[in-house]
Amino acid sequence: MEFGHIRRSEHLPARIAGQIARDITEGRMRPGEKLPTEHFLAKALGVSRSVVREAIAQLRNEGLVETRQGVGAFVTEAHARPIRIEQDDLADRQSFRDLFQLRVPLEIEAAGLAALHHTADDLQRIDEALASMSGGEKWTAEGIVADLAFHRAVAAATGNEYFSVFIGFIAERISLAIDAARAAAVLEEIVEVTIEEHVALRDAIASRDPKRAREAMKMHLLGAAKRLDLTLESY
């Protein structure tokens with residue numbers, strides 16, 4: 001595998017994941033082969049280890065790699081990989097809307113379960129992602145990464161691995177499908193309300209109130225759909 005620096009203007013984790021995914025699907029990395037370490041990839045690509053970690057998380061959600069605690073990430077067997085949703089498919093407005101529609105009930109239920117089952121470590125990861133979202137004046141590419149990390153942390157807090165797999169996969173696809181120029185223009189205007197929605201969701205989870213957490217997630221996702229000019233079924 002050969003790695004070159006990734007331009008800062010690009011969606012870094014997605015670009016890195018895409019580069020590694022091509023090496024896997026085109027046979028340059030074979031099933032069972034171990035990926036280079038986070039440290040090596042970060043240095044080779046000129047990015048932070050947290051960005052590499054997000055890229056590997058995306059590859060894991062897509063079923064292209066599996067991670068082994070304390071050992072590293074390994075390419076999965078082709079027959080074990082799940083169905084893929086190609087980004088080009090989501091250029092179609094109806095397909096994008098349908099995927100967002102699927103996301104809503106999954107994340108609403110995840111919020112309720114996270115309120116019931118989260119640990120102190122889970123809440124810390126949610127808080128860390130929220131702090132990263134709130135750290136800048138504008139919603140930059142790093143802010144979008146933090147938003148995805150927030151939703152993944154909520155999914156992980158359910159204690160149900162399948163929520164993490166499905167929500168991580170869907171949320172990543174939706175993020176990448178949003179037109180970059182339009183997203184930047186819109187997000188600069190609504191960054192405060194978006195963060196407020198995440199704070200409300202975090203507080204509901206922390207209070208261990210599943211009804212309140214589900215309602216906070218519903219309001220956030222329906223608000224996000226409205227900002228994207230999507231019409232969803234009522235909840």
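Sort through 49, 68 and tell me the only one that's under 22 Å from residue 166 (Cβ atoms) and of a type in the set (Lys, Arg).
Sole residue among the options that is under 22 Å from residue 166 (Cβ atoms) and of a type in the set (Lys, Arg): 68.
Among the candidates 172, 142, 197, 188, single out the residue that is modelled with pLDDT of 85 or more, assigned to a helix (DSSP H, G or I), in the same structural domain as residue 103 (by TED's automatic domain parsing) and among the charged types (D, E, K, R).
197
The values are calculated or read from the model by the stated rules, or taken from the named source; none is laboratory data. All values reported here derive from a predicted model rather than from experimental measurement. Glycine also receives a Cβ, built like all others from the backbone with ideal geometry; neighbour counts cover every protein chain displayed.
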